[in-house]
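First the structure, in the form of structure tokens, and then the observations on it.
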Amino acid sequence: MRLSDAPKGANAVVQSVSDAHPADPIAQRLRDLGFVAGEPVRLVARGPLGGDPLLIQIGSTRFALRKSEAARVDVLVDGAA
Amino acid sequence: MRIALVGNPNCGKTALFNQLTGGRQKVANYAGVTVERKEGRFVAPSGRTLHILDLPGAYSFEATSPDEAITRDVCHGRYPGEAAPDLIVCVADATNLRLHLRFVLEVRRLGRPVVLALNMMDAARRRGIAIDVAELSRRLGVPVVETVAVKRGGAKALIARIDESVPDIVPAAIDQASVEQLHTEVRSILAATVTTSRDTVAIDDAIDRWALHPVFGLAILATLMFFIFQAVFSWAEPIMDAIESGIAALGVFVTGFLPADSALHSLLNDGLFAGLGAVLVFLPQILILFLFILVLEESGYLPRAAFLLDRMMFRVGLTGRAFIPLLSSFACAIPGIMATRSIQDPRDRLTTILVAPLMTCSARLPVYTLLIAAFIPSRSVWGVFNLQGIVLFTLYFAGIFSALGVAFVMKRLRKDKSEHALIMELPSYRLPNVRDIGLGLWERAMIFLKRVGGIILALTVLLWFLSSFPGPPDGATQPAIDYSIAGRLGRMLEVIFAPIGFNWQICIALVPGLAAREVAVAALGTVYAMSGSDDSVASQLGPLIANQWSLATALSLLAWYVFAPQCMSTLAVIRRETNSWRNVAVAAGYLFGLAYLASLATYQIARALS
């Protein structure tokens, strides 16, 4: 499941980050910030307008990611197959 | 020895720098406060002089913004005119090691001597985070010291370690590790050295539940902003009255010793007291505005506001990140424009720079306040709000909405439509430090007073000369100023500005206002004092223009100041930050055009209605 589609408050584990196009700087930055396979993440809140951006917790850090950015992160949500 | 401070954004490098050097660099609670390299020095206990470089925060050497690129280049020894540092002090937030250790590993790979400073150790202990420092040091192969940069003496261990000896260079195990390998290493180090009771701070969760709530979050933000503008108007009033009467009394006292018709009497009374006094009374309002901005900066709320507004700002071609530079621009556009360096996307950055002058800076406050106090009745609306406060709020919003409009037009004109990034860290909340806030206010007061004593004084005296000479011919019937250079210049400009309702006195005031907007008020004070028959000083400027101007003229001048590009320093900073005269011309041109059109519409509509 894409992180941007994850339900609010659910715990999930990062599977991979995919490049939206070759040499995607946004995907690279996400990996630098710790979005790598095996990291637990949680969608804490959604922005007030159109549910964008998303507040993502990874470790003890919170990041605001736009939906299009979070869509690059593939996650496995706990309790969902 | 040259030492560089590096680390992730918002880990406390600048606070540490201030600790080491006794400096007073700006510290706040959001990523990207430091956008330039800053240098300082201190003498270590051993007597050696150490040069310290404070560098902008970086998440990675894969730089994605201009400020990150500075850090990368200095660390690699590629920054022009800057030798590579002899020692790198890598600063990491002890409460956020999972993120920060990765960059530490990247820094270690540079192959230069490194000391790791575990900062915010006090906060880490409070949160129940236990770190095995000795084991961490062994695993990393670099010395590790604990610091609390915001406390006096919190950098003692670091100073002692730096002074001792330059640590050996650890050869990197792998030369070109992949991102995944770095994270794997971080995870294994964390597992062996850090025990945490919980991931987040309960208080952050609790506040964020409300502050980031889709409905309440926006309501809180709007209330907060409205409250600030009300406070600027109502809290400052008693202090302003006191300053006003103090200056008036001083003027009467000082000029009482001089013959009433001498040139010196006129210079002091009409130039100095009428001019400077008119500006000086606005110090309380500027400080109240700054108090709020500093508290918001320190608390960590600003990135939350950016989160709430990102969607809206993105729609019009900006980014949520632009919120912080734009909010600083309410104080002054110059630091605001410099703060745009933390915006990664060059397109977002340019748009933010070009609309920053539309945020009503504190220098415009004197003009607004003067006109509002003179023309808008002070009466309460719905029992709670003051009509004057509401007008001020409206003026600020006129600036904000036009900024959104301009950004939207720029977005439409832009050819490159590829994706813009947000990716912004939201820091933990922090109680603002009273000492830092006090220092910030003190500095702002000094900057204001220096401007008053420097450029504003010089221009006011110059204007007094221009409006006093040449003197009137014998048998003149008009006030002396009508025959002076300034009077003639004003009449020439009046031709251009008559359609928007400006009289020649306003036209004169606009010219020195180019150097600093506050001068326009000082200049009006001088011009009216010169043309008046009685010895009117600053405090009477309001009632005086209330008598002489039509409401349409006053509203037109207010509209003019929402847009007018009357600030040379802002244009100079745009030139420096974008390295392009074209952008300066675009900014000055569109601001002037908007100002003229807005004033024209305001004046003609107001006249038609009255």
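The values are calculated or read from the model by the stated rules, or taken from the named source; none is laboratory data. Just so it is clear, the structure is predicted and the values come from calculations on it, not from any experiment. Note that we place each Cβ from the backbone using ideal geometry, even for glycine, and neighbour counts take in every protein chain shown. Areas reflect the complete protein model, heavy atoms only, side chains present, ligands, DNA and RNA absent. Shrake-Rupley method; radii C 1.70, N 1.55, O 1.52, S 1.80 Å.
Taking segment A:49-63 as the range and being at the interface with another protein chain (Cβ under 7 Å from one of its Cβ atoms), open to solvent by 10 Å² or more (accessible area, probe 1.4 Å) and outside any strand (DSSP E or B) as the test, the residues that pass are A:G50, A:S60. In segment B:491-516, the residues that are free of Cβ contacts under 8 Å to residues at least 40 places away in the same chain form Cβ pairs under 8 Å with partners that are of a type in the set (S, T, Y), at six or more places apart or across chains, as follows: B:Q505/B:Y528; B:Q505/B:S531. Criterion applied to A:R66, A:R46, A:R72 was being under 17 Å from B:I423 (Cα atoms), open to solvent by 20 Å² or more (accessible area, probe 1.4 Å) and within 11 Å of chain B (Cβ to nearest Cβ), and the one residue passing it is A:R46. Among helices (runs of 4 or more DSSP H) entirely within segment B:33-130, having at least 2 residues that are within 13 Å of chain A (Cβ to nearest Cβ) and of a type in the set (A, V, I, L, M) singles out B:97-108, B:121-126.
Looking at this structure, is B:Q540 modelled with pLDDT of 75 or more and either surrounded by fewer than 21 Cβ atoms within 10 Å (Cβ to Cβ) or of a type in the set (A, V, I, L, M, F, W, C) (or both)? Spelling it out, it is not the case that B:Q540 is modelled with pLDDT of 75 or more and either surrounded by fewer than 21 Cβ atoms within 10 Å (Cβ to Cβ) or of a type in the set (A, V, I, L, M, F, W, C) (or both).
Across segment B:239-249, not a single residue is classified as open to solvent by less than 30 Å² (accessible area, probe 1.4 Å), more than 14 Å from every other protein chain (Cβ to nearest Cβ), touching a Cys at 6+ places or on another chain (Cβ under 6 Å) and touching a residue at least 40 places away in the same chain (Cβ under 8 Å). For segment B:593-603, a residue qualifies if it is of a type outside the set (V, I, T) and touching a helix residue (DSSP H, G or I) at 6+ places or on another chain (Cβ under 8 Å), and the qualifying residues are B:L594, B:A595, B:Y596, B:A598, B:S599, B:L600, B:A601, B:Y603. Does B:V254 qualify as being out of contact with any Asp or Glu (no Cβ under 6 Å at 6 or more places or on another chain), closer than 30 Å to B:D132 by Cα and open to solvent by less than 60 Å² (accessible area, probe 1.4 Å)? So B:V254 does not fit the description; no.
Applying the condition of being surrounded by 13 or more Cβ atoms within 10 Å (Cβ to Cβ) and over 9 Å from the mean Cα position of the chain (by Cα) to segment A:1-11 and asking which residue is nearest to the other protein chains (Cβ to nearest Cβ) yields A:N11. When B:L309, B:L365 are checked against the criterion of being open to solvent by 20 Å² or more (accessible area, probe 1.4 Å) and in contact with a helix residue (DSSP H, G or I) (Cβ under 8 Å, 6 or more places away or on another chain), a single residue qualifies: B:L309. Is segment B:562-570 home to any residue that is open to solvent by less than 40 Å² (accessible area, probe 1.4 Å), on the phi < 0 side of the Ramachandran plot and modelled with pLDDT of 85 or more? Scanning segment B:562-570 turns up at least one residue that is open to solvent by less than 40 Å² (accessible area, probe 1.4 Å), on the phi < 0 side of the Ramachandran plot and modelled with pLDDT of 85 or more. For B:D163, the conditions (1) open to solvent by 40 Å² or more (accessible area, probe 1.4 Å); (2) closer than 22 Å to B:T14 by Cα are fulfilled apart from (1). Considering only residues in segment B:192-217 that are more than 10 Å from chain A (Cβ to nearest Cβ) and exposed (fewer than 14 other Cβ atoms within 10 Å of the Cβ), the one that is farthest from A:G50 (Cα to Cα) turns out to be B:A192. Selection of segment B:111-121 for residues being in contact (Cβ under 8 Å) with a residue 40 or more places away in the chain and open to solvent by less than 10 Å² (accessible area, probe 1.4 Å) yields B:V114, B:V115, B:A117, B:N119. Pairing residues of segment B:596-610 that are buried (at least 18 other Cβ atoms within 10 Å of the Cβ) with residues that are not in a helix (DSSP H, G or I), at Cβ distances under 7 Å and at least 6 apart in sequence or on separate chains, gives B:Y603/B:G501.
This table checks each residue for (1) modelled with pLDDT of 90 or more; (2) of a type in the set (S, T, Y); (3) over 23 Å from A:L33 (Cα atoms); (4) surrounded by 20 or more Cβ atoms within 10 Å (Cβ to Cβ).
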{"site": "B:L20", "(1), (2), (3), (4)": "no, no, yes, yes"}
{"site": "B:G23", "(1), (2), (3), (4)": "no, no, yes, no"}
{"site": "B:A28", "(1), (2), (3), (4)": "no, no, no, yes"}
{"site": "B:E36", "(1), (2), (3), (4)": "no, no, no, no"}
{"site": "B:R41", "(1), (2), (3), (4)": "no, no, yes, no"}
{"site": "B:P45", "(1), (2), (3), (4)": "no, no, yes, no"}
{"site": "B:E82", "(1), (2), (3), (4)": "no, no, yes, no"}
{"site": "B:F103", "(1), (2), (3), (4)": "yes, no, no, yes"}
{"site": "B:R108", "(1), (2), (3), (4)": "no, no, no, yes"}
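Can you find a residue that is in contact with a strand residue (DSSP E or B) (Cβ under 8 Å, 6 or more places away or on another chain) and either part of a helix (DSSP H, G or I) or modelled with pLDDT under 85 (or both) anywhere in segment B:388-399? Among the residues of segment B:388-399, at least one is in contact with a strand residue (DSSP E or B) (Cβ under 8 Å, 6 or more places away or on another chain) and either part of a helix (DSSP H, G or I) or modelled with pLDDT under 85 (or both), which makes the answer yes.
Taken together, the criteria exclude B:L459 from residues that are within 27 Å of B:R349 (Cα to Cα) and either touching an Asp or Glu at 6+ places or on another chain (Cβ under 8 Å) or surrounded by 15 or more Cβ atoms within 10 Å (Cβ to Cβ) (or both).
Among the criteria (1) at negative phi; (2) touching a Lys or Arg at 6+ places or on another chain (Cβ under 7 Å); (3) in contact (Cβ under 8 Å) with a residue 24 or more places away in the chain, the one A:P53 does not fulfil is (3).
Within segment A:13-43, being of a type in the set (K, R) and either outside any strand (DSSP E or B) or surrounded by fewer than 17 Cβ atoms within 10 Å (Cβ to Cβ) (or both) holds for A:R29, A:R31. For segment A:18-34, the set of residues classified as under 13 Å from the mean Cα position of the chain (by Cα) and more than 9 Å from every other protein chain (Cβ to nearest Cβ) consists of A:S18, A:A27, listed by residue number. Screening B:I220 with (1) more than 14 Å from chain A (Cβ to nearest Cβ); (2) open to solvent by 10 Å² or more (accessible area, probe 1.4 Å); (3) in a helix (DSSP H, G or I) gives one miss only, at (1). Looking across segment B:122-140, the residues that are farther than 14 Å from B:A191 by Cα and either crowded, with 24+ Cβ neighbours inside 10 Å or at pLDDT below 90 (or both) come down to B:D122, B:A123, B:A124, B:R125, B:R126, B:R127, B:G128. Here are B:L294, B:L258: which of them is in contact with a Leu (Cβ under 6 Å, 6 or more places away or on another chain), away from chain A (no Cβ under 14 Å), closer than 25 Å to B:I456 by Cβ and aliphatic (A, V, I, L, M)? Within the list B:L294, B:L258, the selection yields B:L258. Within the option set B:I437, B:I455, being closer than 30 Å to A:A45 by Cβ and either assigned to a helix (DSSP H, G or I) or away from chain A (no Cβ under 14 Å) (or both) holds for one residue only, B:I437.
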